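To start, the structure under review is shown below, and the notes come after it.
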Amino acid sequence: MYDRECGRTLRVAAASSDYAEQASALAARLGLPLCPRAEKRADANPLLRVDADGLALCMQDMELSADLSRLVGRLRPGVLQRELLVRAAKVKGAEEPLAVDATAGLGEDALLLAAAGFRVIAFEANPAISALLADALHRALADPALADAVRRISLSTQDSIRALPQLPETPDVVYLDPMFPARAKSAAVKKKFQILHCLEHPCANEAGLLQAARAAHPLKIVVKRPAKGPHLAGAVPSYTLVGKSIRYDVYVS
């Protein structure tokens, strides 16, 4: 997997011989080169490393894994219902509504929706990021605070623009989080976005993404945007929920 914009080749390696078989299988599945071992290298080529903690994406002094356990505090009753995303996605009358997270990334928003009672179909088109999320979901099943919500998430490594018009079931909500440039002050957050941007770039086809979401005929489409950013594809929403740094634009059918 070669990123022409970043000029970097993604590789897979095992932290030790104990994880060599897992690393080899992952490399074969993703069609990536396999390194003999996960040495620390002072180059800019990202590396998917398999170790005792699961799967991590490493590059120079940066390391990123999908860790859903850090959301446990946000899933507590009373706290979860105050989440802007949960409020924006809420639908009336459905006992177990279906939400599609069309741009799942590392799965945090999908988990919030699942914890709020949605069944969630999570699409992540980038195979490496999808592998990170799949690893996180697998590990989260062992956590009693996360397991029930995680069981409601179905992960698919597909391009949601193609998949949304062909869903076998009409969703109640389609959620879109097109990646946008990070403006966070935290160095850790900046590093997170820097390493993610080496694999996946901000959406270049906003109109196509919104059109695909509409083609699924949901009750509502929820779009995450920077608080002062433009509307997705210039489309004016039905209403908006605004936080300190982000907002959710809601399009009601």
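The values are calculated or read from the model by the stated rules, or taken from the named source; none is laboratory data. Note that the structure is a prediction, hence the values are computed from the model and not measured. As a convention, Cβ positions derive from the backbone with ideal geometry for all residues, glycine included, and neighbour counts pool all protein chains shown. Ligands, DNA and RNA are stripped out before the accessible areas are found, and what is left, the full protein with its side chains, is counted by its heavy atoms. Shrake-Rupley method; radii C 1.70, N 1.55, O 1.52, S 1.80 Å.
Name the single residue that is surrounded by the fewest Cβ atoms within 10 Å (Cβ to Cβ) among those in the stretch 213-241 being over 18 Å from the mean Cα position of the chain (by Cα) and in contact (Cβ under 8 Å) with a residue 60 or more places away in the chain.
Leu241
Looking at Leu141, is it open to solvent by 10 Å² or more (accessible area, probe 1.4 Å), modelled with pLDDT under 95 and either in contact with a Lys or Arg (Cβ under 6 Å, 6 or more places away or on another chain) or within 18 Å of Leu75 (Cα to Cα) (or both)?
no
Return the residues of the stretch 140-166 that are under 25 Å from Ile221 (Cβ atoms) and part of a loop (DSSP other than H, G, I, E, B); say none if nothing qualifies.
Result: Arg152, Thr157, Gln158, Asp159.
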